[in-house]
1. Of all residues in the stretch 38-58, which are loosely packed, with under 11 Cβ neighbours inside 10 Å and more than 15 Å from the chain's Cα centre (by Cα)?
2. Could you tell me whether any residue of the stretch 60-68 is touching a residue at least 40 places away in the same chain (Cβ under 8 Å) and assigned to a loop (DSSP other than H, G, I, E, B)?
3. Can you find a residue that is closer than 19 Å to S88 by Cα and either modelled with pLDDT of 85 or more or not hydrophobic (A, V, I, L, M, F, W, C) (or both) anywhere in the stretch 4-20?
4. Please verify whether P25 is more than 11 Å from the chain's Cα centre (by Cα) and part of a loop (DSSP other than H, G, I, E, B), treating the condition exactly as stated.
Amino acid sequence: MSDHASRLLPIFRSFHDGRWDWLTPFRHHLDNLEIRDRRLAYLLYRLIPGECPFERDIVIFGRRVVHIPPLCKLNPLYEQLVGLRFRSHCYLVDVCGEQV
């Protein structure tokens, strides 16, 4: 398969049930992004949160009134971003020898 055809393959896979899934090329790009630079790995590790920052407990007078569940799963690129953060962390630990 030629290089040009291999780059177009994710675009052809983005058609599902006759509809265009416009996020598939972004998902493919994020899944195939290789971490080769310490600064980029550290930046990605710091920018992508390790846990959902939106999950909260609303407490009034010592009692939990409302629990707001994690909303990160609603992000259509959630799995790709978590994978990218994990690859960045592995690069920093395995290749650079940093303890983050």
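The values are calculated or read from the model by the stated rules, or taken from the named source; none is laboratory data. Because the structure is predicted, anything quoted here is derived from the model rather than measured. Don't worry about glycine lacking a Cβ; one is built from the backbone with ideal geometry, like all the others, and counts go over all protein chains shown.
1. R39, D57, I58
2. Looking for residues that are touching a residue at least 40 places away in the same chain (Cβ under 8 Å) and assigned to a loop (DSSP other than H, G, I, E, B), one finds none in the stretch 60-68, hence no.
3. no
4. For P25, the condition - more than 11 Å from the chain's Cα centre (by Cα) and part of a loop (DSSP other than H, G, I, E, B) - is not met.
For every residue, the table says whether it meets (1) among the polar types (S, T, N, Q); (2) in contact with a strand residue (DSSP E or B) (Cβ under 6 Å, 6 or more places away or on another chain); (3) closer than 20 Å to R87 by Cα.
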position: H29; (1), (2), (3): no, no, yes
position: L47; (1), (2), (3): no, no, yes
position: R56; (1), (2), (3): no, yes, no
position: I60; (1), (2), (3): no, no, no
position: H67; (1), (2), (3): no, yes, no
